[in-house]
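Below you'll find the structure, written out as C-alpha cells, and then a few comments.
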Number of protein chains: 2
Amino acid sequence: MALIVQKYGGTSVGNPERIKNVARRVAKQRAQGDQVVVVVSAMSGVTDGLIKLSKEITALPSEREMDMLLATGEQQTIALTAIALHALDVPAVSLTGAQAGIVTDGVHTKAKIRNITPQQVHQLLDAGNVVIVAGFQGETSEGQITTLGRGGSDLTAIALAAALKADLCQIFTDVDGVYTADPRLVPGARKLPEIAYDEMLELAGSGAKVMQLRSVEFAKKFDVVFEVRSSLNDNPGTLVKEETSSMEDVVVRGVSLDKNQAKVTLFGVPDQPGRAARIFRALSDATINVDMIVQNVSHDGGGRATDLSFTVDKPDLLKATHVIDGLKPGVGFKEAVADEQIAKLSIVGVGMRSHSGVAAKMFDVLAHEQVNIAMISTSEIKISVVIQLSQGEQALRALHTAFIG
Amino acid sequence: MALIVQKYGGTSVGNPERIKNVARRVAKQRAQGDQVVVVVSAMSGVTDGLIKLSKEITALPSEREMDMLLATGEQQTIALTAIALHALDVPAVSLTGAQAGIVTDGVHTKAKIRNITPQQVHQLLDAGNVVIVAGFQGETSEGQITTLGRGGSDLTAIALAAALKADLCQIFTDVDGVYTADPRLVPGARKLPEIAYDEMLELAGSGAKVMQLRSVEFAKKFDVVFEVRSSLNDNPGTLVKEETSSMEDVVVRGVSLDKNQAKVTLFGVPDQPGRAARIFRALSDATINVDMIVQNVSHDGGGRATDLSFTVDKPDLLKATHVIDGLKPGVGFKEAVADEQIAKLSIVGVGMRSHSGVAAKMFDVLAHEQVNIAMISTSEIKISVVIQLSQGEQALRALHTAFIG
C-alpha cells in the first residue's frame, strides 16, 4: 500500500463533469489499495471572478481580505470533489488548508509554508478516507487565513507529500509531462521520462511554463519525487527527482525559448566600483525582475568605461527604461538602448558538467543558421543566449536537432 | 459609545455596488462613535449557485460537505465588505463564523449554536475596527465547519448581540419593518414602532415572512432587543422586545393571512384513545409539518366517532393524503377529504390576554362579510381561523379595519 498525493489544477476541476472525472481517477487509484490525498485548485475562472468583484469595489484591496476572499475558491472545489467521491461510494473528507495543518507565515497573498502538522490527514487516511485538501492556502499560527501565491497548489501538494512522507506526488495538469522542447514549436520534441530537479529549475527559469520555480525548489529541498502528468489521459508523465549518475549520459535534457524578454544596454558606464550595484538596486526597488546580466570587458582605451546589458520581462521594459533614465546623471553612462525584438534561447542538462565543448557546439549550430548572438550567460548546467526574436524558433529547432535529435 | 450589531441579508449585499452601500451605512454608524459588528449573508444567488453545482454531481450530497461548500458564500461577502470599508478609510477586519468564536453542535446544515467566545471580536473592536462576521456558519469544538440552516444569518446576529452584550441589534432587510398586515394586501397597513417577542413569534407562525421563528425565539430567550429595518432607506424600523405593560393597551397588534395551507378532514374517526396519536405520529414520521388541529365533539349518536381536521403546508398535501390513505384500515376512519382552497387568517396581540370579547368581535366581523369559518384555533395571544381561500384577502382587510383601523 502506497501513500500518493495527487494534485489537480483549475482546468482539471473546471466544472462538475470534470470534477466527476477527477473523482473517477482518484477512485481507481484507491481501488489499487493505495491511500490517496488529493490537492485541488479553485475551479478555473473562480479566482479571476472573485478578483474582479474586489476590483469593482476598490483598485487596491487589502491583502488579508483578498486571502479571505480567494481561499473560498479552493474550499468550494474540495467540497465538490468529496461529494463526487461519495457518489462513487468512496469515503472522502475535505479539509481546508488550515484543517490540514498547513501553517504559514503572515505574508498575505504570498505566504510561505512554515510547517505542516498532518495528524488529522493521517487519521482520516487510516480510517479509510480519501483526504481532499484545499491547495494554495494555509493559516498563520494566529489563525489568519493565508494564500501561497502563484503556483501555490503545486506547493501545497509537494509540501504535503514531504510532511506525509508520501511515496509519490503526482501533479496532474493539461500537458503530458516535461518535453525536450515546446512541442508547439519543435515538432520532434519528446516527452522526458525523468528529469533532475536542477534541470527542471533551469528549464522553468528559461521560459518552460510547466511549474513555478518555488515548488520545484521545495521538492528539491525536501527530496520529494514528483510526477508531472496529464489529467486527460493515462499516459505516464515525467518524474522529477534527484539527479542520478545515468542522467549525466544525456548532455542536453531540453531546449527552451523565452520570447517574453527585452534587453537594455547601457553604453559607456564608468568602470568604477558600485555603479552596477546602483543600477540593479534601483531596478529591484522598482520590483523589476532582471534575468540575464552581461558586462563586457572595458573597451574605452584606458579601461574607464564598459557596456552593460541586461534583460527584463517585456511588460517591465517601460518601467525599466524610466528607472534607467533617472539614473543617467548619477551613474554617468553615455546612452541606454532598449530592444524588444529579442529572444532568450537556452539549453539545459546536468550532463554538461561532465561534457566539454557544449557551448562551442551550440555556437557552431547557431552560426550555421546565421544567427547572431547578442548576449551569452552560462551556469553549470545551462547555457543561454540572447538572439533576434525573428530567428528564435528556427534556432530552437536547430539546437533541438543537434543536441537531442 | 454603543455597541451595535448590524445584519445585512443577501439582497442587501447582492453585488459590489450594494456592498459599497452597506459599507457607507456602517461607516456612518461608526462615525457617530459607535462600535459596529456587521453580520452578512452570502450575496444573493451565490448559495443557490453552489447548491446547483453540487446537484450536478449528485442528488444527495453529504451534509458535512454541503456545509464546507456553502460556508464559502458568506466568507466571500465578509471579505468584500471589509474591502469596501477600507476603501472608505474605515479600519475593518473580517472573521469567519469559526474565527468569531461561534461554536455549534455537529448537526451539519442545521447546526445549533452551543456557545460564543467573542474575545477576538472584542479585541478587534477595542482596537478601533469594524468587525465583519460571516453569518449562517460556525464550527464544532472539533473544528468542523457547520451551517445553521434557514434564517441562520439572523440567528448569528442575534446570538452575537447576546454574547457581546450589544446595546442594539439591527436586522437590515428589504422591508421597512413589521407591519400590522401585509401592505400588499391591506393598503391601510401601518408599520409598528414596536412589537413583543411573542407577537412576533405568532405573526411569523401565521404567514408573516419577516423572520424565521428560531431567531425570534433565541432573541426572546436571551432578551436581545432587535430592530427590523430597511437597508434601502433611513426610516426607523420595528423594535422587537420584551412585552411592556403599555403593549397591552393594543388588543390586536397585527393580522395575517397564510394562503399556503391546505386542510385535511377525517370523517368518522373512532373516538378511542390513541387514534389521533397514531395519525400525527405517521405524519411526523413522514416529516410533514402539521399546523392547526381541530377535533369536533362526537356527533355519531353514542359518541363513538368524531371528525378530525388539520392543516399542512400546501406542498406537503399530496404526501399527507398518501400517509392518511395508508392509515385508513388501521385507524378505521370513514373518509378523508382534502381541501386546497383554504386560507388561514390570524389576529395577534398580547392585549388579548386582558381584553375579553376579541374572538366574538372577530367572528362578528367575518359573519358580516359573509365569510364561513371552517376551523378555529386559539392561543393566549392569537386567534386563527380557516376560511375559503377566495375570501381570504377581503376578510383580512375587514379584520384590519375592525381591529386596527
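Numerical summary
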item	result
At least 18 Å along the helix axis (C-alpha) and Kyte average at least -0.5, DSSP helices within chain B	B:63-87, B:317-331
Segment A:87-129, Cα convex hull volume normalised per residue, Å³	73
Gaussian network model of chain B, Cα within-10 Å springs - most flexible of B:246, B:215, B:62	B:246
Cα extents of segment A:3-174 along the three principal axes, largest first (Å)	49, 33, 23
Normalised contact order of segment B:3-174, rounded percent, pairs of Cα under 8 Å and 6 or more residues apart	30
Segment B:83-119 versus segment A:344-405: alpha-carbon centroid distance in Å	58
Percentage, to the nearest whole number, of Cα pairs in segment A:188-278 over 21 Å apart	47
Backbone HN-Hα couplings from phi across segment B:184-196 [Karplus 6.51/-1.76/1.60, Hz, Gly and Pro as x]	6, 9, 10, x, x, 4, 10, 6, 8, x, 8, 8, 7
Selected from B:342, A:21, A:41, residue furthest toward positive end of dipole (the protein assembly as shown; charges at beta carbon)	B:342
Residues of type lysines that residue B:319 reaches as a straight line, Cα spacing below 29 Å, ignoring anything fewer than 8 places off in the same chain	B:52, B:55, B:110, B:112, B:209, B:259, B:263, B:328, B:334, B:344, B:382
FRET E, pair residue A:394, residue A:284, Förster distance 35 Å, beta-carbon r, rounded to 0.05	0.50
Along principal axes, Cα extents of segment B:47-108, largest first, whole Å	45, 27, 10
Set of lysines near residue A:28 by C-alpha distance (under 19 Å), chain-local residues within fewer than 8 positions excluded	A:7, A:20
Residue mean of other protein chain beta carbons inside 10 Å, A:319-327	0
Segment residue B:373-residue B:232, extension gain: residue separation times 0.36 nm, minus the distance between their alpha carbons	46.8 nm
q = 0.05, 0.06, 0.11 Å⁻¹: log10 I(q)/I(0) that the Debye formula gives for the protein assembly as shown, counting C-alpha atoms only	-0.41, -0.55, -1.23
Gap separating the Cα centres of segment A:182-242 and segment A:248-291, nearest whole Å	24
Within chain B, helix-based [θ] at 222 nm, where runs of 4 or more DSSP H residues each add -39,500 (n - 2.57), nearest 500	-11000 deg cm²/dmol
GNM result for chain A, Cα springs below 10 Å: residue of A:331, A:386, A:130 fluctuating most strongly	A:331
Rg in Å to one decimal, and Dmax rounded to a whole Å, for segment A:275-405 via C-alpha atoms	16.7, 51
From the C-alpha gyration tensor of segment A:1-98, square roots of 5λ in Å	30, 13, 10
Peptide ranges A:142-151, A:365-374, B:117-126 listed from the most packed, as the mean C-beta count within 10 angstrom indicates	A:142-151, B:117-126, A:365-374
Amide proton proximity set for residue B:306, modelled H, under 5 Å, gap of 5+	B:268, B:269, B:271
For chain B, radius of gyration divided by Kirkwood radius, i.e. Rg to Rh on alpha-carbons	1.02
Residue mean of other protein chain beta carbons inside 10 Å, B:83-96	4
Inter-centroid distance (Cα atoms) of segment B:47-63 relative to segment A:11-41, Å	18
Sequence ranges A:290-296, B:73-79, A:339-345, A:31-37, ranked by mean other-Cβ count within 10 angstrom, highest first	B:73-79, A:339-345, A:31-37, A:290-296
For B:62-70, mean number of other protein chain Cβ atoms within 10 Å	6
Shortest-first distances to equivalent copies, position residue B:55, nm, label 7 Å out along Cβ	3.3
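Throughout, read-outs are computed from the coordinates displayed, never taken from laboratory work. Keep in mind the model is a prediction, meaning the values are calculated, not measured. Backbone-built Cβ (ideal geometry, glycine too); neighbour counts: all protein chains shown.
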